[in-house]
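The values are calculated or read from the model by the stated rules, or taken from the named source; none is laboratory data. Quick caveat: nothing in here was measured; it's all calculated off a predicted structure. Note: ideal-geometry Cβ built from the backbone for every residue, glycine included; neighbour counts use all protein chains shown. The area values use the complete protein model at the heavy-atom level, side chains included, leaving out ligands, DNA and RNA. Shrake-Rupley method; radii C 1.70, N 1.55, O 1.52, S 1.80 Å.
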Amino acid sequence: MSVNKLLVAGAGQMGAGIVQVSAVAGLDVVMIDVADEFIERGMAGIEKGLGRMVERGRMEGAARDAALARITTSTDMAVGAGADLFVEAAPEVVEIKAGLFARAAVILRDDAIIATNTSSLSVTKLAAFVTNPARFVGIHFFNPVPAMALVEVVKGSATSDETVAAARAYAETVGKTPITVSDSPGFVVNRILFPMINEAARAFAEGVAGAADIDTGMKLGTNWPMGPLALADLVGLDTTKAILETLERELGDASYRPAEILGELVAAGKSGRKSGAGFFDYSR
Ligand code: CAA
């Protein structure tokens with residue numbers, strides 16, 4: 001089945017990014033969230049992202065306007081009832097996601113695909129909340145969505161080959177390169193990336209070097225586009241900690257335990273860029 005109409009739950013960094021790239025690719029998109037203020041913030045981010053593309057000569061003003069016109073927003077999921085694909089990009093809380101999947105399964109067509117953008121939860125376990133788990137799949141984007149070329153298509157134990165093929169085709173439609181991965185903690189990228197970020201946090205806490213020097217070291221020493229501590233700030237230190245906790249718990253290996261500095265910064269209200277500070281200060 002080909003995807004022409006999309007329903008996205010969550011107007012945060014990830015949800016808004018998914019909406020942006022899908023609308024640019026010509027899909028009709030409905031973006032929902034629980035409150036108008038979240039939707040307004042998500043739309044402001046999309047307008048800024050598209051404005052940047054126009055400024056850089058990568059998109060015509062008319063194409064930007066057409067993309068924005070393809071986006072509908074609502075706090076009522078029923079507005080997206082005609083969608084071919086539902087992508088959940090809500091907080092990583094099972095109860096919230098379960099409620100969204102249960103509602104989506106009621107309002108969507110029986111053959112519509114139901115996807116999660118989860119970065120840390122089991123796709124197989126989340127599939128238990130829909131009536132037909134063969135149509136349930138992980139579609140994992142990377143942050144910032146418009147700039148990152150990869151999508152991990154995650155096959156749960158009940159996901160059908162047709163659903164995987166449709167998810168891969170959707171990823172290609174929105175300009176991404178899909179890889180198919182099995183439902184294993186952290187999938188491919190986070191499993192490898194987050195232990196490296198954790199090691200950078202530990203090195204910082206031990207005073208091996210200052211935050212700027214650690215990041216400069218990894219940028220210039222390994223050609224990372226940004227340093228691991230700035231990347232943790234971009235992802236969010238709360239999310240970073242949650243991903244490491246999942247790896248530790250699900251893989252049963254204490255070497256993944258989050259560096260204590262992550263919990264300390266989060267407890268101090270420094271969750272990274274979104275809160276104005278993390279390893280670095282973003283208030284100015
Ligand atoms: N909308 C549209 N385009 C955007 C955009 C947006 N919101 N954000 C960035 N871009 C585009 C820019 O227009 C630019 O494109 P061109 O070069 O074609 O003009 C390109 O992305 C690069 O952006 P910038 O020039 O502004 O900035 P930069 O060159 O310093 O790169 C970066 C910024 C893309 C964030 C880069 O530093 C980078 O790739 N960092 C690593 C990011 C990363 O590793 N992300 C994965 C995190 S892990 C994750 O997400 C998984 C998870 O589950 C938590």
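Brief remarks on what is shown
- Per this entry, residue 242 is counted among residues that are assigned to a helix (DSSP H, G or I), under 23 Å from residue 151 (Cα atoms) and touching a residue at least 60 places away in the same chain (Cβ under 8 Å).
- Single unsatisfied condition, residue 163 versus (1) modelled with pLDDT under 95; (2) of a type outside the set (A, V, I, L, M, F, W, C); (3) touching a Lys or Arg at 6+ places or on another chain (Cβ under 6 Å): (1)
- Odd one out for residue 183 among (1) within 27 Å of residue 122 (Cα to Cα); (2) buried (at least 21 other Cβ atoms within 10 Å of the Cβ); (3) in contact (Cβ under 8 Å) with a residue 60 or more places away in the chain: (2)
- Strands (runs of 3 or more DSSP E) lying entirely in the range 1-106 (those with 2 or more residues that are open to solvent by 50 Å² or more (accessible area, probe 1.4 Å) and in contact with a strand residue (DSSP E or B) (Cβ under 6 Å, 6 or more places away or on another chain)): 71-74
- Residues of the range 135-173 satisfying the condition of being within 18 Å of residue 193 (Cβ to Cβ) and either touching a residue at least 40 places away in the same chain (Cβ under 8 Å) or not assigned by TED's automatic domain parsing to the domain that holds residue 88 (or both): 138, 140, 141, 142, 143, 144, 145
- Residue within the range 148-156 that is open to solvent by 20 Å² or more (accessible area, probe 1.4 Å), away from the ligand (no atom under 14 Å from the Cβ) and at negative phi present: yes
- Here the condition is being of a type in the set (A, V, I, L, M) and more than 16 Å from the ligand (Cβ to nearest atom); of 31, 1, it holds for 1 alone.
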